[in-house]
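These notes concern the structure reproduced below.
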Amino acid sequence: MDRPQSRVALARCGNYQPEVVQAAVERVLSNLEPLPLPAGGRILLKPNCLAASSGPDEPINTRAEVTAAVGRYLQAHHQAELVIADSGGIGTYDRAERVYRRMGLDRVAQELGADLLNLETLGLKQVQGRTSLVLPSFRVSRVLDQVDAVVNLPKLKTHMLTGMTGAVKNCLGLLPGSLKRDVHIAAPTGRLMSAALVDIFSAIVPALNVLDAVVGMEGNGPSQGRAKELGLIIASHDAVAADYLACRLMGLDPGAVATVTLAHQAGLGAAGPAEIELVGAQWDRLPGVRFALPMSFQFRSAQRLLPPKITGRLMARLLEAKPRTVPANCRACGLCVQSCPAGALSLQEGTVRLDRELCLECYCCLEHCPDQGLRLPRGLWDRLRPGR
Ligand code: SF4
Ligand code: SF4
């Protein structure tokens, strides 16, 4: 019988009370010992700090309680010296301190005696991944030169472009500021973006991944969806295996999530029950709940199933999912214009305008709009009527 290649541990975590999170984190990490971390090493805790505008109760950023619990465990059991850092989206450029404060990471850093770093100020270095599916080389934060290992702390969410965001995708945050937009320009489709994310992940390969799946996001994630309780902490040294399990728990076919399939094909991690040893659950009795898919992802799946000859102009229009503007909500802040890799957005007469011809359907704008000034089209009429 083949031996499993990777171990994934999960534990119930019913809420974000610090003692409840601490107990769940202790359970999953002790089940993964010995952790592949150097004793006394300098460890980067890398949460998902996507949006400065979102408070802790919105299911967008990794909760500070998870970062704190993992930090305490690593200090107690591995004598770790801790660093905390992430770079969010366009709305957080030059505003790392603001998002850290909003999330409560300043208090966590103080409690742990950790360095809380702004990745926008540390400089960059050129790296090559183990794969070069889309990106032969790229620049990442020099924080990687300052630490012995990365501990990845993603928030479990659906994602309009890639289906889901978990451990593999969370590595994108180590490309500060506008480097993320450069990746979207190099990889303008969901499939290419997933391949680029695998390239980035393959250059970083976190030593450990602990997913905040207590309250995730369903629907139009990573920032416009709805809260969805899963009540779990998931951990593994193998990011691909953790994401594979996360897909299964969300009711999402892992075979349709290219970050999982491409990373698995490249030998970067395990996927499937035959390759993954589960601790804390059984494959035939997984405790998951079905997450609603992002609308864009549903249509992309349908597009793949249809014979090419019926995907004519009308069908293309029906299946396209370019954002719609919502002028009543738009405060003309310009964040979406800055984030758009295609130059498809502009501010005119105090509101945002979309050039449909230029739009790549990458959804950076929806991720970064703090005011629901953009949305995905809903229903047949919404698709057929002229967009703005
Ligand atoms: S308008 Fe939005 S979805 Fe279209 S390319 Fe720009 S950022 Fe991407
Ligand atoms: S749509 Fe949103 S992000 Fe864009 S300008 Fe309006 S409020 Fe700002």
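The values are calculated or read from the model by the stated rules, or taken from the named source; none is laboratory data. Every value quoted in this text rests on a predicted model; they were computed, and no experiment measured them. Cβ coordinates were reconstructed from backbone atoms using ideal geometry, including for glycine residues, and neighbour counts include every protein chain displayed.
Give the residue, chosen from 106, 145, that is surrounded by fewer than 20 Cβ atoms within 10 Å (Cβ to Cβ), farther than 14 Å from residue 174 by Cα, in the same structural domain as residue 168 (by TED's automatic domain parsing) and free of Cβ contacts under 8 Å to residues at least 24 places away in the same chain.
The match here is 106.
Each row is one residue, and each column tells you yes or no for (1) in a strand (DSSP E or B); (2) of a type in the set (D, E, K, R); (3) surrounded by fewer than 24 Cβ atoms within 10 Å (Cβ to Cβ).
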| site | (1), (2), (3) |
| --- | --- |
| 169 | no, yes, no |
| 177 | no, no, yes |
| 181 | no, yes, yes |
| 185 | no, no, yes |
| 195 | no, no, yes |
| 200 | no, no, no |
| 212 | yes, yes, no |
| 216 | yes, no, no |
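Which one of 334, 312 is surrounded by fewer than 16 Cβ atoms within 10 Å (Cβ to Cβ), at pLDDT below 95 and touching a strand residue (DSSP E or B) at 6+ places or on another chain (Cβ under 8 Å)?
On the way: 312 fails: touching a strand residue (DSSP E or B) at 6+ places or on another chain (Cβ under 8 Å).
One residue alone meets the criteria, 334.
Do we find that residue 136 is within 19 Å of the chain's Cα centre (by Cα) and assigned by TED's automatic domain parsing to the domain that holds residue 267 in this structure?
On the way: within 19 Å of the chain's Cα centre (by Cα): no; assigned by TED's automatic domain parsing to the domain that holds residue 267: yes.
For residue 136, the condition - within 19 Å of the chain's Cα centre (by Cα) and assigned by TED's automatic domain parsing to the domain that holds residue 267 - is not met.
So is residue 164 surrounded by 24 or more Cβ atoms within 10 Å (Cβ to Cβ) and touching a strand residue (DSSP E or B) at 6+ places or on another chain (Cβ under 7 Å) or not?
On the way: surrounded by 24 or more Cβ atoms within 10 Å (Cβ to Cβ): yes; touching a strand residue (DSSP E or B) at 6+ places or on another chain (Cβ under 7 Å): yes.
Considered against the rule, which asks whether it is surrounded by 24 or more Cβ atoms within 10 Å (Cβ to Cβ) and touching a strand residue (DSSP E or B) at 6+ places or on another chain (Cβ under 7 Å), residue 164 comes out as yes.
Are any residues in region 53-100 surrounded by fewer than 18 Cβ atoms within 10 Å (Cβ to Cβ) and modelled with pLDDT of 95 or more, and if so, which ones?
75, 76, 77, 79, 81
Considering region 337-352 alone, what residues qualify as being part of a loop (DSSP other than H, G, I, E, B) and either more than 10 Å from ligand 1 (Cβ to nearest atom) or surrounded by 17 or more Cβ atoms within 10 Å (Cβ to Cβ) (or both)? Spell out the reasoning first.
To start, the set of residues in region 337-352 that are part of a loop (DSSP other than H, G, I, E, B) comprises 340-344, 349-350.
If the condition is that a residue be part of a loop (DSSP other than H, G, I, E, B) and either more than 10 Å from ligand 1 (Cβ to nearest atom) or surrounded by 17 or more Cβ atoms within 10 Å (Cβ to Cβ) (or both), then 340, 341, 342, 344, 349, 350 are the ones that fit.
Please verify whether residue 284 is charged (D, E, K, R), without any contact (Cβ under 8 Å) to a residue 24 or more places away in the chain and either part of a helix (DSSP H, G or I) or in the same structural domain as residue 222 (by TED's automatic domain parsing) (or both), treating the condition exactly as stated.
So residue 284 passes the test.
Looking only at residues that are without any contact (Cβ under 8 Å) to a residue 60 or more places away in the chain and within 9 Å of ligand 1 (Cβ to nearest atom) in region 353-368, which one is surrounded by the most Cβ atoms within 10 Å (Cβ to Cβ)?
That would be 365.
Would you mention how many residues in region 131-167 are assigned to a strand (DSSP E or B) and either of a type in the set (A, V, I, L, M) or on the phi > 0 side of the Ramachandran plot (or both)? Lay out the reasoning, then the answer.
Quick first cut of region 131-167, residues assigned to a strand (DSSP E or B) only: 138-141, 149-153, 155-159, 163-165.
Now restrict to residues that are either of a type in the set (A, V, I, L, M) or on the phi > 0 side of the Ramachandran plot (or both): 140, 149-151, 153, 156, 163-164.
Number satisfying all stated conditions: 8.
Just the residues that are on the phi > 0 side of the Ramachandran plot and at pLDDT 95 or above, please, taken from region 211-253. I'd like the intermediate steps shown before the answer.
Going through region 211-253, the residues on the phi > 0 side of the Ramachandran plot turn out to be 219, 231, 251.
If the condition is that a residue be on the phi > 0 side of the Ramachandran plot and at pLDDT 95 or above, then 231 is the only one that fits.
Give the residues of region 142-190 that are of a type in the set (Lys, Arg) and at pLDDT 90 or above, sorted by residue number. Walk me through how you get there before you give the answer.
Of the residues in region 142-190, the ones of a type in the set (Lys, Arg) are 142, 155, 157, 169, 180-181.
Within region 142-190, 142, 155, 157, 169 meet the criteria.
Would you mind telling me which numbered condition in (1) aliphatic (A, V, I, L, M); (2) within 21 Å of residue 268 (Cα to Cα); (3) surrounded by fewer than 24 Cβ atoms within 10 Å (Cβ to Cβ) residue 153 fails?
(3)
From 9, 23, 39, which residue is over 24 Å from the mean Cα position of the chain (by Cα) and within 17 Å of residue 153 (Cα to Cα)? Steps first, answer last, please.
Numbers: 9 fails: over 24 Å from the mean Cα position of the chain (by Cα); 39 fails: within 17 Å of residue 153 (Cα to Cα).
Exactly one residue qualifies, and that residue is 23.
Out of the residues in region 227-253 meeting the condition of being of a type in the set (A, V, I, L, M, F, W, C) and outside any helix (DSSP H, G or I), tell me which one is surrounded by the fewest Cβ atoms within 10 Å (Cβ to Cβ). Full working, then the answer.
Within region 227-253, the first condition is being of a type in the set (A, V, I, L, M, F, W, C), and the residues that meet it are 227, 230, 232-235, 239-242, 245-247, 249-250, 252.
Now drop any that are not outside any helix (DSSP H, G or I), which leaves 227, 230, 232-235, 252.
Details: 227: 13, 230: 24, 232: 26, 233: 28, 234: 29, 235: 29, 252: 21.
Out of the qualifying residues, it is 227.
Being assigned to a loop (DSSP other than H, G, I, E, B), surrounded by 18 or more Cβ atoms within 10 Å (Cβ to Cβ), in contact with a strand residue (DSSP E or B) (Cβ under 9 Å, 6 or more places away or on another chain) and of a type in the set (A, V, I, L, M, F, W, C) narrows it down to one residue among 45, 50; which is it? Reasoning before the result, please.
On the way: 45 fails: assigned to a loop (DSSP other than H, G, I, E, B).
Going through 45, 50 in turn, just one is assigned to a loop (DSSP other than H, G, I, E, B), surrounded by 18 or more Cβ atoms within 10 Å (Cβ to Cβ), in contact with a strand residue (DSSP E or B) (Cβ under 9 Å, 6 or more places away or on another chain) and of a type in the set (A, V, I, L, M, F, W, C): 50.
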